[in-house]
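The values are calculated or read from the model by the stated rules, or taken from the named source; none is laboratory data. As the structure is a prediction and not an experimental result, all values here were calculated from the model. Ideal geometry is used to build each Cβ from the backbone, glycine not excepted, and the neighbour counts take in all protein chains shown. SASA here: full protein model, heavy atoms, side chains in, ligands and nucleic acids out. Shrake-Rupley method; radii C 1.70, N 1.55, O 1.52, S 1.80 Å.
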Amino acid sequence: VFKVLSEKQSPSNPLDLEYFIICGLGSLGQHCVVSLIEFGVKIVAIERRVEIDWEIESLRDLLDDLIIGDCRHNDILHRAKISRCRAALIVTTDERVNVETAIAIRQLNPATRLVVRSDKANLNQLLSRQLGNYASFEPTELSTAAFVLAALGTEILGFFELDGQIWQVYQRQITIEDRWRDRSILSLENNYRKILAHTNEDTISELHLGSWNAGDSIRVGDTVIYLEIANDFDSCLSRPHSWES
């Protein structure tokens, strides 16, 4: 059964919003850092604990800055360069902290993409309407890749299980810096990714699955809908140049 996760958002990622903020450096937060590094972005992390249990060797060296403090507080967010933040991954283990942080960030920066760890479906629907540019996921159901791709502006439409594997359904609009730009559709298919549809139209309301030609090239502004195996993609993200193969 296909499970729809959230309403469609229209993320805004101006070029001057160059930082990604990770709120919470538990296991999920640390793996989000590793995955984001593959895209060459600048990362600032906020962690409340002074003593951090580092699961990943040399992770601290991957950060542009590490701020110890409460991510709900405006002064901490300003130190984390919230005015230049493209997306915030709010992944602490405290649901209330995550929600309060999302609200605080939205008040400081209307353009920041909010990706929140949460399993409160009704609350998340309300926050999505009120805050905008908002996505929420429960990490026990989805992979680290779901959080990272959502932060980068790729929309996660849903997921389903087949033969013991979790497949995630993505909608990706191609930007000028996207590594898929100018590649053929066929070159994107592999053992863990299947292309469902491709269009250069502004709307996908009439899009049919399978509506793509192998030789078509992907251009800026195109929309691609595809499936990816969650566990395989997580492993792929941890390997160098994974998005170029």
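Miscellaneous remarks
- Subset of region 53-85 (residues that are of a type in the set (Ser, Thr, Tyr) and surrounded by fewer than 14 Cβ atoms within 10 Å (Cβ to Cβ)): Ser58
- Residue in region 54-61 that is modelled with pLDDT of 90 or more, within 30 Å of Gly221 (Cβ to Cβ), out of contact with any His (no Cβ under 7 Å at 6 or more places or on another chain) and not in a loop (DSSP other than H, G, I, E, B) present: no
- Number of positions in region 176-189 that are part of a loop (DSSP other than H, G, I, E, B) and open to solvent by 40 Å² or more (accessible area, probe 1.4 Å): 7
- Residue-level check: of (1) over 20 Å from Asn133 (Cβ atoms); (2) open to solvent by 70 Å² or more (accessible area, probe 1.4 Å); (3) assigned to a loop (DSSP other than H, G, I, E, B), Leu25 misses just (2).
- Reported count of residues in region 115-133, each being of a type in the set (D, E, K, R) and buried (at least 16 other Cβ atoms within 10 Å of the Cβ), is 1.
- Residue match in region 215-231 (condition: part of a helix (DSSP H, G or I) and at pLDDT below 80): yes
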